[in-house]
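This report concerns only the one structure given below.
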Amino acid sequence: MEYIIIFIGSAFVSNIVLAQFLGICPFLGVSTKVGTAVGMGTAVIFVMTLATIVTWLIYYYLLVPFHIEFLQTISFIFIIAALVQMVEIILKKSVPSLYQALGIYLPLITTNCAVLGIAILTITKEYNLMQGVVYTISIAVGFTFAIILFAGIREQLELTEVPKGMRGIPIALIITGILSLAFMGFANLV
Amino acid sequence: MNQWKNFTKGFLRENPVLVLILGTCPTLATSTSVSNGLGMGLALTFVLVMSNLVIASIKNLIPGKVRIPAFILVIATFVTIVDYVLKGYVPALHKELGVFIPLIVVNCIVLGRAEAYASKNSVLSSIIDGFGMGFGFTLALMTLGGIREILGAGTFFGMKVPIFPADMQGNPKTILIFILAPGAFLVYGYLVALTNRLKNKLN
Amino acid sequence: MAKTESTFTNMVATMVIIMVLAGLSLAGVVNLTADAIAKSEKEKMESALKEVLPPFDNDIAATRKEVKVNEKDKLVLYFAKKGGEDVGVAIETFTNKGFSGNFRIMVGFRPDGTIINTSVLEHHETPGLGDKMDVKKSKFPNQFKDKSPADFKLQVKKDGGSVDAITAATISSRAFCDAVQRAYDEFVKQGGKQQ
């Protein structure tokens, strides 16, 4: 039950993009086609979950015992960068088909502030490992859901006459605003 | 290059937030009020100037292949310093900005300036570039924060702006949506459109 | 100055040097700011105590008493005296029913159980909605003043209680009531004075 509440709360109510403002860059950048949005979403779910597990272990079994919590930001960003590289190499060697599908999105993820943000938030929220993993997966599913929805809208937008000054980023932001408004309707779910 | 031009390019022509669309996450999240926008802006300016300074001074000592990790290390150090200093001396602001302070590490503006500017230019130009870009960022955040705070909370820098009627509990009936998430996207969208127009007129 | 070559030794050496320098300077900053961080935490607590209690003259920090609720959460009690007489109790309480997780507030009670005032210590509620439970942001918390939870039902009106919820932030309002109720229960359990 607790896990269901975490899931709904983090995937829909406080959607990472639409309510917490994390991961906006890939959200705006890789959302012109539904296909690429699905790819990016899957890659994010994968990397984010891995990153949270590793950073959680490092934080509680390395940083806390040695009282060097102040190295949190530095160590987390390096772990994430290294992890992305590793995932890329392993996928390339062992699961080439998956690599072909996700490969190009992986380098983009290092600079995705959502991954680092969620790793840090899992620590600040004092979740245990299991809660942290559920939390991260829900957040990532929420991200995927939002980016696919948004890509769908943008595909339609291609066919619409948008006033010149509003083309590109401005109209994308305004649509995100309306989407975010719609997601506020989920607020009473938990 | 003319240093004055170097300084002012971040204000409008190459404004990191409104023209280059970099650093969108903290822009949207921390612009709930003018003072938060100012705080975030100054925190980022400090990191930007210091990391530009260090990177421009050691650019020749770093082997090309480990360039990016070395830059990130320098940036992360300054971010952690800002984090602890704010926590100690301005705890209220530290609480408001929350996770977005450590996230300055992955802010594209900082790494972008380090890679595109500081690693190729002199120390002085890099510092000036850091200040210019930082002020441009701060300016954009304060504009966004100002609009959202006035319309959404009925205040400006915490002072009451008496343009809204009061409700039954005596609180002003403001347009709440502006201080919430959707308002951030809407105001930002229109500001970008406006800047585009302004820029086109100037050219 | 010539550019350093990208040989393996050079790369490792550069990274190690930068890392050591970064680590050392950070350790320095952490030490320098440790006092300031502790001091600002203490000041926050003291100003919250002043807000929720009547004037007192005893050493309030010495009366601090912790009550563990479970392994993670606790209530903290402070007893205010003036001229040797009990004038009030401040209870640091919490709720985990907030819209964005836990938040902690401080509630002050007179010896007869009426609420003097409340003060928000830490929260993650939505700016513009849930954060109105802070007296600096709206008049919502004023309705608790001078009420005794014995006859003032600590539930929002929607749930049959006596509290006017914050517009569009029912969850935060419910959680706020939950925290105040938890403080009051502990107050009753302690008999309203230092034992």
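C:K153 falls short on exactly one of the conditions (1) touching a Gly at 6+ places or on another chain (Cβ under 6 Å); (2) part of a strand (DSSP E or B), and that condition is (2). Condition check: farther than 22 Å from A:C25 by Cβ, in contact with a Leu (Cβ under 9 Å, 6 or more places away or on another chain) and without any contact (Cβ under 8 Å) to a residue 24 or more places away in the chain. Does A:G165 satisfy that? Here the answer is yes, as A:G165 does meet what is asked. Please enumerate the residues belonging to the stretch B:138-184 that are open to solvent by 50 Å² or more (accessible area, probe 1.4 Å), over 18 Å from the mean Cα position of the chain (by Cα) and on the phi > 0 side of the Ramachandran plot. The one that is open to solvent by 50 Å² or more (accessible area, probe 1.4 Å), over 18 Å from the mean Cα position of the chain (by Cα) and on the phi > 0 side of the Ramachandran plot: B:G158. Just wondering, is there one or more residues in the stretch C:138-160 that are touching a residue at least 40 places away in the same chain (Cβ under 8 Å) and crowded, with 22+ Cβ neighbours inside 10 Å? No, there is no match, as no residue in the stretch C:138-160 is touching a residue at least 40 places away in the same chain (Cβ under 8 Å) and crowded, with 22+ Cβ neighbours inside 10 Å. Assessment of the stretch C:175-185 against the conditions (open to solvent by 20 Å² or more (accessible area, probe 1.4 Å) and in a loop (DSSP other than H, G, I, E, B)) yields no matching residue. Being at pLDDT 90 or above and either outside any helix (DSSP H, G or I) or open to solvent by less than 30 Å² (accessible area, probe 1.4 Å) (or both) is a property that B:S51 has.
Do you know which of the residues in the stretch C:50-73 that are of a type in the set (A, V, I, L, M, F, W, C) and in contact with a Gly (Cβ under 8 Å, 6 or more places away or on another chain) is farthest from the other protein chains (Cβ to nearest Cβ)?
Initially, the stretch C:50-73 is screened for residues of a type in the set (A, V, I, L, M, F, W, C), giving C:52-53, C:56, C:60-62, C:67, C:69.
From what's left, in contact with a Gly (Cβ under 8 Å, 6 or more places away or on another chain): C:52-53, C:56.
Numbers: C:V52: 18, C:L53: 22, C:F56: 25 Å.
Among residues in the stretch C:50-73 that are of a type in the set (A, V, I, L, M, F, W, C) and in contact with a Gly (Cβ under 8 Å, 6 or more places away or on another chain), the one farthest from the other protein chains (Cβ to nearest Cβ) is C:F56.
For B:L22, only one of the following conditions fails: (1) buried (at least 18 other Cβ atoms within 10 Å of the Cβ); (2) assigned to a helix (DSSP H, G or I); (3) within 10 Å of chain A (Cβ to nearest Cβ). What is its number? For B:L22, the failing item is (2).
Give the residue, chosen from C:E71, C:E41, that is touching a helix residue (DSSP H, G or I) at 6+ places or on another chain (Cβ under 8 Å) and open to solvent by 60 Å² or more (accessible area, probe 1.4 Å). Give the derivation first.
Details: C:E71 fails: touching a helix residue (DSSP H, G or I) at 6+ places or on another chain (Cβ under 8 Å).
Answer to the selection: C:E41.
Suppose we filter B:F11, B:F46, B:F7 for residues that are more than 11 Å from chain C (Cβ to nearest Cβ), part of a loop (DSSP other than H, G, I, E, B) and of a type in the set (F, W, Y); which single one remains? Let's see the steps before the verdict.
Details: B:F46 fails: part of a loop (DSSP other than H, G, I, E, B); B:F7 fails: part of a loop (DSSP other than H, G, I, E, B).
Going through B:F11, B:F46, B:F7 in turn, the sole match is B:F11.
Remark: pairs (first residue in the stretch C:3-20, open to solvent by 50 Å² or more (accessible area, probe 1.4 Å); second residue assigned to a helix (DSSP H, G or I); Cβ separation under 8 Å; 6+ apart in sequence or on different chains) = C:K3/B:G64; C:M19/B:L73.
The residues of the stretch B:55-73 that are free of Cβ contacts under 8 Å to residues at least 24 places away in the same chain and either over 18 Å from A:I79 (Cβ atoms) or more than 8 Å from chain C (Cβ to nearest Cβ) (or both), listed by number, are B:I58, B:N60, B:L61, B:I62, B:P63, B:G64, B:K65. Here A:L62 passes the criteria (1) buried (at least 20 other Cβ atoms within 10 Å of the Cβ); (2) over 10 Å from the mean Cα position of the chain (by Cα) except the one numbered (1). Taken together, the criteria place C:I91 among residues that are among the β-branched types (V, I, T) and more than 14 Å from chain B (Cβ to nearest Cβ).
Among the candidates B:K95, B:K87, the residue that is without any contact (Cβ under 8 Å) to a residue 12 or more places away in the chain, more than 7 Å from chain C (Cβ to nearest Cβ) and more than 21 Å from A:I80 (Cα to Cα) is uniquely B:K95.
Residue check: is C:T170 within 16 Å of the chain's Cα centre (by Cα), under 24 Å from B:A153 (Cα atoms) and open to solvent by less than 40 Å² (accessible area, probe 1.4 Å)? Considered against the rule, which asks whether it is within 16 Å of the chain's Cα centre (by Cα), under 24 Å from B:A153 (Cα atoms) and open to solvent by less than 40 Å² (accessible area, probe 1.4 Å), C:T170 comes out as no. Checking each residue in the stretch A:114-150 for being open to solvent by less than 40 Å² (accessible area, probe 1.4 Å), farther than 28 Å from C:R104 by Cβ and not aromatic (F, W, Y) picks out A:V115, A:A140, A:T144, A:A146, A:I147.
With the structure loaded, tell me whether C:V163 is closer than 21 Å to C:Y78 by Cβ and β-branched (V, I, T) or whether it fails that test. In short, no.
Being in contact (Cβ under 8 Å) with a residue 12 or more places away in the chain and either open to solvent by 50 Å² or more (accessible area, probe 1.4 Å) or under 16 Å from C:Y184 (Cβ atoms) (or both) is the filter here; which residues of the stretch C:82-91 pass it?
If we filter the stretch C:82-91 for residues that are in contact (Cβ under 8 Å) with a residue 12 or more places away in the chain, which is where we start, we get C:82-83, C:86-91.
Selection gives C:K82, C:G83, C:D86, C:G88, C:V89, C:A90, C:I91.
I want to confirm something. Restricting to the stretch B:120-137 and keeping residues that are open to solvent by less than 30 Å² (accessible area, probe 1.4 Å) and not charged (D, E, K, R), which single residue is farthest from the chain's Cα centre (by Cα)? Here the answer is B:S125. Please verify whether the stretch B:117-126 includes one or more residues that are under 30 Å from B:F78 (Cα atoms), among the polar types (S, T, N, Q) and assigned to a helix (DSSP H, G or I). Within the stretch B:117-126 (the criterion being under 30 Å from B:F78 (Cα atoms), among the polar types (S, T, N, Q) and assigned to a helix (DSSP H, G or I)), the answer is yes, since at least one residue qualifies. For A:A101, the conditions (1) more than 10 Å from chain B (Cβ to nearest Cβ); (2) farther than 22 Å from A:S75 by Cα; (3) open to solvent by less than 30 Å² (accessible area, probe 1.4 Å); (4) touching a Gly at 6+ places or on another chain (Cβ under 8 Å) all hold with the exception of (3).
Check the stretch C:74-85 and report whether any residue there is small (G, A, S), more than 14 Å from chain B (Cβ to nearest Cβ) and closer than 30 Å to B:I177 by Cα.
So in the stretch C:74-85, the residues small (G, A, S) come out as C:80, C:83-84.
Right, trim to more than 14 Å from chain B (Cβ to nearest Cβ) and you get C:80, C:83-84.
Going one step further and asking which of them are closer than 30 Å to B:I177 by Cα, we end up with none.
No, there is no match, as no residue in the stretch C:74-85 is small (G, A, S), more than 14 Å from chain B (Cβ to nearest Cβ) and closer than 30 Å to B:I177 by Cα.
Among the residues making up the stretch C:118-127, those that are in a strand (DSSP E or B) and in contact with an Asp or Glu (Cβ under 6 Å, 6 or more places away or on another chain) are C:S119, C:V120. Of the residues A:V44, A:V54, A:V38, only one is closer than 27 Å to A:Q20 by Cα, open to solvent by 50 Å² or more (accessible area, probe 1.4 Å), in a helix (DSSP H, G or I) and touching a residue at least 24 places away in the same chain (Cβ under 8 Å); which? Matching residue, one of A:V44, A:V54, A:V38: A:V38.
Please count how many residues of the stretch C:36-51 are more than 12 Å from the chain's Cα centre (by Cα) and among the hydrophobic types (A, V, I, L, M, F, W, C). The total comes to 3.
The values are calculated or read from the model by the stated rules, or taken from the named source; none is laboratory data. None of these values were measured; they are calculated from a predicted model. Backbone-built Cβ (ideal geometry, glycine too); neighbour counts: all protein chains shown. What goes into the accessible areas is simple: the full protein's heavy atoms, side chains included, and nothing from ligands, DNA or RNA. Shrake-Rupley method; radii C 1.70, N 1.55, O 1.52, S 1.80 Å.
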